[in-house]
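*Asks:* Encoded as structure tokens, here's the structure I'll be asking about.
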Amino acid sequence: RVMIFEQIRVNGDRNLGYLIGDETHRQAAIVDASYAPERMLERAEQLRLKVCYVISTHSHKDHIAGNGYLVEHTSTPEVLHESTPHPCSLRVRDNDELTVGNLSLLFLHTPGHIPDHVCVLAENKLLTGDILFVGKIGGTGPHFPESDPRHQWDSLQRLMRLDGKIEVWPGHDYGVRPSSTIGDEIATNPFLLTKTYEEFLHLKEHWPEYKKAHNIA
């Protein structure tokens with residue numbers, strides 16, 4: 001079987017959305033349509049794909065903004081984690097799977113940036129939303145009142161136990177490139193190089209100084 005996989009720029013603050021499809025059955029899921037749902041749907045139609053699910057990695061506005069448009073135009077379920085406060089028609093739990101044609105989408109509950117955050121694993125591609133970026137991680141703190149750095153640490157430890165060859169496809173293009181691998185992130189991401197939660201927290205609290213010292217944009 002052949003997976004169709006496209007990373008699409010969806011406006012906002014360098015937001016990235018994803019189109020995942022099964023070539024044989026011509027079925028697809030759209031993930032994190034953000035502020036460009038028309039672009040996502042148009043691309044699905046160009047590839048003759050029927051959209052079966054509208055998925056968000058989490059319920060921050062910049063990730064769910066386009067869902068209403070897509071649900072209206074495709075009549076398909078809107079999918080988020082079961083803990084989400086956002087009204088949606090299909091709620092998934094940790095380790096749940098949804099099928100798109102012959103493809104399987106595995107949901108990993110990864111709270112920290114926000115309690116309802118999930119990562120989506122499609123074959124060897126992991127959509128990490130706002131928990132893990134290339135060389136960086138999602139924010140916690142005053143700007144994100146529901147965030148929890150301890151939960152974020154635990155979620156990142158879980159992702160680090162995955163196969164190093166799994167590709168990382170984040171929810172924003174904040175890093176040096178728009179995708180990576182688990183192995184590369186373990187080897188180079190400053191936050192994943194910390195050995196203890198205390199060290200991790202210290203880096204989060206002093207990130208501006210660290211970036212300056214290491215010439216990180």
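*Asks:* Among the residues of the stretch 1-15, write down those that are among the polar types (S, T, N, Q) and either open to solvent by 10 Å² or more (accessible area, probe 1.4 Å) or under 17 Å from PRO77 (Cβ atoms) (or both). Even if it seems obvious, please write down each step before you answer.
*Replies:* Residues of the stretch 1-15 among the polar types (S, T, N, Q): 7, 11, 15.
Within the stretch 1-15, GLN7, ASN11 qualify.
*Asks:* Filter the stretch 1-21 down to the residues that are part of a strand (DSSP E or B) and in contact with a Ser or Thr (Cβ under 6 Å, 6 or more places away or on another chain) and list them by number. Working first, answer last.
*Replies:* Taking the stretch 1-21 as the starting set, the residues that turn out to be part of a strand (DSSP E or B) are 3-9, 15-21.
Passing the criteria: ASN15, GLY17.
*Asks:* A further question follows. Provide a single number: the residues in the stretch 1-11 that are modelled with pLDDT under 95 and of a type outside the set (Lys, Arg).
*Replies:* Our first condition is that a residue be modelled with pLDDT under 95; within the stretch 1-11, this holds for 1-2.
Next, from what is left, pick out any that are of a type outside the set (Lys, Arg): 2.
Looking only at that region, the number is 1.
*Asks:* When you scan the stretch 102-119, do you find a residue that is of a type in the set (Val, Ile, Thr), in contact with a Phe, Trp or Tyr (Cβ under 9 Å, 6 or more places away or on another chain), buried (at least 16 other Cβ atoms within 10 Å of the Cβ) and at pLDDT 95 or above, even just one?
*Replies:* Of the stretch 102-119, the ones of a type in the set (Val, Ile, Thr) are 110, 114, 118.
So of that shortlist, the ones also in contact with a Phe, Trp or Tyr (Cβ under 9 Å, 6 or more places away or on another chain) come out as 114, 118.
Right, trim to buried (at least 16 other Cβ atoms within 10 Å of the Cβ) and you get 114, 118.
In the following step, the residues that additionally are at pLDDT 95 or above were identified as 114, 118.
Scanning the stretch 102-119, I find at least one residue that is of a type in the set (Val, Ile, Thr), in contact with a Phe, Trp or Tyr (Cβ under 9 Å, 6 or more places away or on another chain), buried (at least 16 other Cβ atoms within 10 Å of the Cβ) and at pLDDT 95 or above, so the answer is yes.
*Asks:* Return yes when THR194 is without any contact (Cβ under 8 Å) to a residue 24 or more places away in the chain and within 17 Å of the chain's Cα centre (by Cα) and no when it is not. Let's see the steps before the verdict.
*Replies:* Values: without any contact (Cβ under 8 Å) to a residue 24 or more places away in the chain: yes; within 17 Å of the chain's Cα centre (by Cα): no.
Taking the combined requirement at face value, the residue does not satisfy it.
*Asks:* Quick one: in the stretch 134-145, of everything that is touching a Ser or Thr at 6+ places or on another chain (Cβ under 9 Å) and crowded, with 22+ Cβ neighbours inside 10 Å, which residue is farthest from ILE4 (Cα to Cα)? Give the steps one after another, and end with the answer.
*Replies:* Initial filter on the stretch 134-145 (touching a Ser or Thr at 6+ places or on another chain (Cβ under 9 Å)): 134-135, 138-141.
If we keep only those that are crowded, with 22+ Cβ neighbours inside 10 Å too, we end up with 134, 138.
Values: VAL134: 22, GLY138: 27 Å.
By that ranking, first place goes to GLY138.
*Asks:* Another question, if that's okay. Step by step: first the residues of the stretch 146-168, then only those that are over 10 Å from GLY112 (Cα atoms) and basic (Lys, Arg), then the one that is most open to solvent (accessible area, probe 1.4 Å). Which residue is that? Write out each step before concluding.
*Replies:* Here is the first cut: in the stretch 146-168, the residues over 10 Å from GLY112 (Cα atoms) are 157-168.
Now restrict to residues that are basic (Lys, Arg): 158, 161, 165.
Numbers: ARG158: 61, ARG161: 180, LYS165: 161 Å².
In this case the residue turns out to be ARG161.
*Asks:* If the requirement is being without any contact (Cβ under 8 Å) to a residue 40 or more places away in the chain, touching a Pro at 6+ places or on another chain (Cβ under 9 Å) and among the charged types (D, E, K, R), which of these qualifies: GLU72, GLU78?
*Replies:* Working: GLU72 fails: touching a Pro at 6+ places or on another chain (Cβ under 9 Å).
Among GLU72, GLU78, only GLU78 is without any contact (Cβ under 8 Å) to a residue 40 or more places away in the chain, touching a Pro at 6+ places or on another chain (Cβ under 9 Å) and among the charged types (D, E, K, R).
*Asks:* Report whether or not TYR18 is open to solvent by 80 Å² or more (accessible area, probe 1.4 Å), in contact (Cβ under 8 Å) with a residue 24 or more places away in the chain, within 25 Å of VAL134 (Cβ to Cβ) and not β-branched (Val, Ile, Thr). Quick ask: steps written out before the conclusion?
*Replies:* On the way: open to solvent by 80 Å² or more (accessible area, probe 1.4 Å): no; in contact (Cβ under 8 Å) with a residue 24 or more places away in the chain: yes; within 25 Å of VAL134 (Cβ to Cβ): yes; not β-branched (Val, Ile, Thr): yes.
The answer is no for TYR18.
*Asks:* Taking the condition among the hydroxyl-bearing types (Ser, Thr, Tyr) and either on the phi > 0 side of the Ramachandran plot or open to solvent by 50 Å² or more (accessible area, probe 1.4 Å) (or both), does THR188 pass? Break it down stepwise before answering.
*Replies:* On the way: among the hydroxyl-bearing types (Ser, Thr, Tyr): yes; either on the phi > 0 side of the Ramachandran plot or open to solvent by 50 Å² or more (accessible area, probe 1.4 Å) (or both): yes.
So THR188 fits the description; yes.
The values are calculated or read from the model by the stated rules, or taken from the named source; none is laboratory data. As the structure is a prediction and not an experimental result, all values here were calculated from the model. Ideal geometry is used to build each Cβ from the backbone, glycine not excepted, and the neighbour counts take in all protein chains shown. Surface areas here come from the heavy atoms of the whole protein model, side chains and all, with no ligands, DNA or RNA. Shrake-Rupley method; radii C 1.70, N 1.55, O 1.52, S 1.80 Å.
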